[in-house]
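Everything below concerns the one structure shown next.
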Amino acid sequence: MDFISTRGGDAVGIDVALVAGLAPDGGLYIPRTIPAATLTHPGPTLADTAQQLLAPYFAGSRLRQELPRICRSAFDFPAPLRELAGEGDHLLELFHGPTAAFKDYAARFLAQCLAGLREDDGQPPTTILVATSGDTGAAVGAAFHNRPGFRVAILYPDGRVSPRQAHGLACFGGNVRCFRVEGSFDDCQAIVKQVLGDAALRARLPLGSANSISLGRLLPQMAYYAHTALAYRQQHGQALNFIVPTGNLGNALACWLARRMGLPIGEIVLGCNANDVLPRFFAGGDYAPSAGVATLANAMDVGAPSNFERLRALHADDGQVRASMRAIGVDDATIGGTIASAPTRHGVVPCPHTAVGLHVLETLRAQGDRRPWAVVATAHAAKFDTVVEPRVGHTVVPPPGLARWLSRPAHAEAMPADASWLREQLMNWDETRGDMPSRHETGAFRCV
Ligand SMILES: *Cc1c(COP(=O)(O)O)cnc(C)c1O
C-alpha cells in the first residue's frame with residue numbers, strides 16, 4: 001500500500017513511512033487511498049479486530065507476517081465501553097494500559113513495528129527522541145524500556161507537568177534517560193526537531209522519533225473505535241457517536257479514518273479546552289494556529305494541532321473538512337465544575353481531559369440530542385491527582401499498572417534549552433547515567 005506526504009512528493013511503502021516519522025518535505029504521511037474495511041463484526045478480541053483492520057495498510061510490508069503478533073502484544077489490555085447513568089451515555093475507557101493513558105496502545109504498537117524493522121547489523125542502538133507535555137513521554141518510555149537495540153531520550157519542560165506525571169517520566173532508568181528542560185514544551189519540541197534534522201549526526205547515530213505525527217501512532221488508534229462501534233451495532237443495531245477530547249487531533253483523526261473505512265461510527269465531536277483553534281475553524285472561521293495556553297487539561301494544550309494538516313489533505317476543501325466533524329471548546333472553570341459534579345451526575349471520577357468530553361455530552365443532551373454517545377476517557381484520573389482530588393474531595397487510587405511505575409524511584413537530568421547540549425549527550429551516551437540512584441536518595445513515590 002502507498003503512502004504520500006500531505007505536501008505531495010513520491011509514494012513510499014509503510015516501512016519507510018514508519019521509520020522516517022516525518023516525510024522528507026516536512027509533510028505528514030497519509031494513505032494514498034483509504035481501504036474499505038472487510039470487518040462486519042468485531043473480532044473475538046480487540047487485538048483480532050486491530051489485526052484485520054490494519055492488514056490492508058501492511059500489504060507489502062516486511063511486517064505483514066508479524067502483524068498478528070504485533071497486535072496481540074500492543075492490544076493486550078481491554079478498552080471497555082462502560083454505560084453511564086444517563087440513557088444512551090457511555091464512556092470508552094482507554095486508560096487500562098501501563099501508563100494509564102490511551103497513548104499506551106499506539107506507543108506499544110510503534111515500538112513493536114520499529115523493533116521489527118530494525119536491521120541488527122552491529123549498528124549502535126537507535127535513539128528515540130521524544131518531546132512531551134506529559135503522557136506521550138511516559139507511554140513511549142514504557143514501550144521501549146529494556147528493549148534491545150533502542151535508547152530513549154525524553155524531554156519535558158521542567159516545572160510544567162504535574163508532580164505525578166514528572167515522576168512517571170523519570171522512573172524508567174536503564175536505556176531510557178529523562179531530561180527536564182529549562183524551557184517550555186515548544187522549546188523541547190524545537191530541540192528534538194533540530195537534532196532529528198541534523199544529517200551529520202544521523203550519519204553517525206541512528207535516530208528515530210515517536211511523536212504524535214508518526215503514522216505508527218495514528219493507524220493503530222483506529223482499532224478501539226472499530227471494535228467498539230462494531231460491538232455496539234451488533235448489540236443495538238445502530239451506529240455509536242463519539243466525543244473525543246482533542247489536542248493534536250491524532251486520536252480523533254483515527255476515529256474519522258475508521259469511519260471512512262466504513263465502520264459504523266456516527267457523528268464525531270471534538271472536545272477542546274481553552275485552546276480554541278479547532279472550535280473557531282469548525283464554526284466557520286479561518287484556521288489560525290497560535291501559541292498554546294496552559295489549562296487544567298494539559299495534554300490538550302496545543303495551539304497548532306499537527307494532525308490538522310492530515311485532515312485537510314484528506315478532504316477536497318475546507319467546506320468538506322467542516323462537514324466531517326464538530327468541535328466544542330470548554331474553559332477551565334467548566335472543566336473544574338464538571339470534575340466535581342461527575343461522580344453524582346455520571347457515576348465516574350474523570351481526568352480533566354475526560355471531563356472536557358463529559359461537558360460536551362452534557363451540552364448535547366441539553367440541546368435535546370437523544371442519540372447514543374461514547375465519551376472517550378483518555379487517561380485515568382489518578383494521573384492528575386492534584387487537579388482531581390481537591391474537586392471530588394477524596395483521594396484517587398492509581399490503577400495497579402501505574403502504581404507499579406510510580407513506586408520506582410525517579411531521576412531526571414537537568415538540561416538547558418539547547419540542541420547542541422543534547423547532541424553532546426547523545427554522542428556520549430552513558431548507559432549508567434539512566435540508572436536509578438538508590439531508593440533512599442530520591443525516595444520512591446508514595447501512593448496516598
Ligand atoms: C494526548 C492526550 C489527549 C489529546 O490527544 P490528541 O491525539 O493529541 O488529540 C487527550 N487526553 C489525554 C489524557 C492525552 O494524553
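Read-outs throughout are calculated quantities, based only on the coordinates presented, and are distinct from any laboratory measurement. All values reported here derive from a predicted model rather than from experimental measurement. Positions of Cβ are generated from backbone atoms using ideal geometry, with glycine treated the same way; all protein chains shown enter the neighbour counts.
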Worksheet item: Taking the Cα centre of the range 35-172 as the origin, how large is its charge dipole in debye, to the nearest 20, when only Lys and Arg (+1) and Asp and Glu (-1) carry charge on their Cβ atoms?
Response: 380 debye
Item to complete: Neighbouring Cβ atoms within 10 Å as the yardstick, rank Ser61, Ser214 fewest first.
Response: Ser61, Ser214
Practice prompt. Can you tell me the dipole magnitude for the chain around its Cα centre, using point charges on the Cβ only (Lys, Arg +1; Asp, Glu -1), in Debye to the nearest 20?
Written response: 740 debye
Worksheet item: Given springs between every Cα pair under 10 Å in a Gaussian network model of the chain, which of Leu84, Leu110, Leu257 has the largest fluctuation?
Response: Leu84
Worksheet entry | Length gained when the stretch Val16-Ala304 is fully extended (0.36 nm per residue, less Cα-Cα span) | 101.1 nm
Item to complete: Compute the relative contact order of the chain as a whole-number percentage, counting only Cα pairs closer than 8 Å that sit 6 or more residues apart in sequence.
Response: 18 percent
Worksheet item: When the chain is treated as a GNM, springs tying every alpha-carbon pair under 10 Å, which of Leu215, Leu46, Leu364 comes out with the largest mean-square fluctuation?
Response: Leu364
Worksheet entry | Cα centroid separation - the range 223-255 against the range 15-94, whole Å | 12 Å
Discussion item. What distance in nm lies between label points placed 7 Å from Cα along the C-beta direction at His315 and Phe77?
Written reply: 3.4 nm
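Quick one: order Ser306, Ser5 by neighbouring beta-carbon count within 10 Å, fewest to most. Mind dumping the intermediate values first?
Numbers: Ser306 18, Ser5 22.
In increasing order of surrounding Cβ atoms, one gets Ser306, Ser5.
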Discussion item. Sorted from largest to smallest, which semi-axis lengths in Å does the alpha carbon gyration tensor of the chain give for its equivalent ellipsoid, taking the root of 5 times each eigenvalue?
Written reply: 31, 27, 21
Worksheet item: Under the classification rounded if a/c is under 1.5, otherwise prolate if a/b is larger than b/c and oblate if not, where does the range 191-350 fall, given a ≥ b ≥ c as square roots of the Cα gyration tensor eigenvalues?
Response: prolate
Worksheet entry | Burial ordering of Val140, Val19, Val181, fewest other beta-carbon atoms within 10 Å first | Val19, Val181, Val140
Item to complete: Sort out for me the Cα centre separation of the range 303-338 from the range 389-403, rounded to whole Å.
Response: 30 Å
Fill in: Cα centroid of the range 163-193 to Cα centroid of the range 261-295, whole Å
27 Å
Discussion item. Test of understanding: given the chain, find the longest segment containing no GluC sites (Glu not before Pro) that are in a DSSP loop and have at most 13 other Cβ atoms within 10 Å.
Written reply: 120-448
